[in-house]
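Please read the structure below before turning to the comments.
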Amino acid sequence: MTDLLQIGGITEWMRERLSPVFNIHQLDDFDAESITHIVTNGHDGVPHDLMTSLSNLRMISVYGVGYDAVDANAAAERGIVVTHTPNVLNNEVATTAVLLMLSCYRELVRDDEYVRSGRWEVEGNAPLTRSADNQKIGILGLGRIGQAIVDKLEPWAPEISYHTRSQKDVPYRYFDNLVEMAEHVDVLICITPGGPSTNKLVNAEVLRALGAGGTLINVSRGSVVDETALINALQNDELGWAGLDVFEDEPRVPKALRELSNVVLLPHAGSATIETRSAMGDLTVDNLLQHLKDGSVITAVPECRDL
Ligand code: NDP
């Protein structure tokens, strides 16, 4: 049996598939010398000190597509292959982004409360909301999920723009400057990876450019948006609405943000359906089993593809 270290939660089905071939260890019960494989998730990752203390570590399988909580360059240098779960969650995360955008435009949370609280009966019809049709939408990060978001938005007939570091071969307007795109659009949807290169990319200047009529949707990582600047902008009507699935210090969400009425908040649930988590779990396990069998993997992260 091979020794596998589990960091964070896995599903019962993943455990069932892994148990016949791996001894699964928890963080409070493992021998550093014997661990060759790790299963973790995009939030917990692998602390750098832990990675360097495991001299026989050969593979890290991340249960998620975002792997900013694992130092993939350091892993590659040590010959450790890191895998993740691209593509199988594109549609689900795209649905979450569209859901947040529509909830902001049509005030889903406010109006739900309007009915539940009995205000409808007492005060009459709720105030009008805004139409989500024909909006200018800017995608920050037009990768696998960004494209799935654009595809899902089609029935609302948006005008799509995007900002990435390199221009893509797509029929949408490219902005090489994020502030300029934010000035142009009604909605900014963030779906880049996390990590140092995107840290606080959406800062006070970007939020001001998006403006009082603008909506920010973040389904990427909390680190991509300057949360303090976001709260200030929402409190001072410099930004209209925000739909957020991710936060700087999860699961802690600032009280100031929770008290705002012009936000819709989700508990990092972008891919969190039974069906999609099942597909992600299978790919996470398939990578581990294949590595055990012949040393190859199915979905290595780009930093580890040459190993
Ligand atoms: P991809 O690698 O397919 O796409 C990433 C996109 O971001 C690319 O278009 C890339 O283009 C762009 N990008 C990267 N760095 C920058 C930068 N510094 N500035 C501007 N654009 C940048 O990734 P996926 O679409 O598969 O996933 C994206 C992210 O979504 C994940 O890494 C994860 O953080 C997040 N996610 C969140 C989930 C949730 O539950 N909320 C669930 C799943 C994923 P270019 O390289 O040209 O810049």
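Looking only at residues that are among the aliphatic types (A, V, I, L, M) and surrounded by 21 or more Cβ atoms within 10 Å (Cβ to Cβ) in the range 11-41, which one is farthest from the chain's Cα centre (by Cα)?
Looking at the filtered set, the residue picked out is Ile35.
Determine, yes or no, whether Arg258 is open to solvent by 10 Å² or more (accessible area, probe 1.4 Å), farther than 21 Å from His84 by Cα, in contact (Cβ under 8 Å) with a residue 12 or more places away in the chain and more than 16 Å from the ligand (Cβ to nearest atom).
no
Of the residues that sit in the range 113-163 and are closer than 18 Å to Leu178 by Cα and touching a residue at least 60 places away in the same chain (Cβ under 8 Å), which one is nearest to the ligand (Cβ to nearest atom)?
This residue is Gly141.
Can you tell me which residues in the range 113-142 are open to solvent by less than 70 Å² (accessible area, probe 1.4 Å) and out of contact with any helix residue (DSSP H, G or I) (no Cβ under 9 Å at 6 or more places or on another chain)?
Within the range 113-142, Ser117, Gly118, Gly124 meet the criteria.
Does Leu289 satisfy the criteria of being open to solvent by 30 Å² or more (accessible area, probe 1.4 Å), in a helix (DSSP H, G or I) and touching a residue at least 12 places away in the same chain (Cβ under 8 Å)?
Judged against the criteria, Leu289 is a match.
Within the range 168-185, count every residue that is closer than 16 Å to Ala209 by Cβ, part of a loop (DSSP other than H, G, I, E, B) and open to solvent by 50 Å² or more (accessible area, probe 1.4 Å).
The number of residues fulfilling the criteria is 2.
Quick one: in the range 196-223, which of the residues that are near the ligand (Cβ under 10 Å from one of its atoms) and farther than 20 Å from Cys104 by Cα is most open to solvent (accessible area, probe 1.4 Å)?
Checked the range 196-223; the qualifying residue most open to solvent (accessible area, probe 1.4 Å) is Pro196.
State all residues of the range 22-46 that are farther than 29 Å from Arg221 by Cβ and free of Cβ contacts under 8 Å to residues at least 24 places away in the same chain; if no residue qualifies, say none.
Answer for the range 22-46, where residues must be farther than 29 Å from Arg221 by Cβ and free of Cβ contacts under 8 Å to residues at least 24 places away in the same chain: Asn23, Asp29, Ala32, Glu33.
The values are calculated or read from the model by the stated rules, or taken from the named source; none is laboratory data. Being a predicted model, the structure only gives us computed values, none of them experimental. Backbone-built Cβ (ideal geometry, glycine too); neighbour counts: all protein chains shown. Just so you know, the surface numbers come from the protein's heavy atoms only, side chains and all, with ligands and any DNA or RNA stripped out. Shrake-Rupley method; radii C 1.70, N 1.55, O 1.52, S 1.80 Å.
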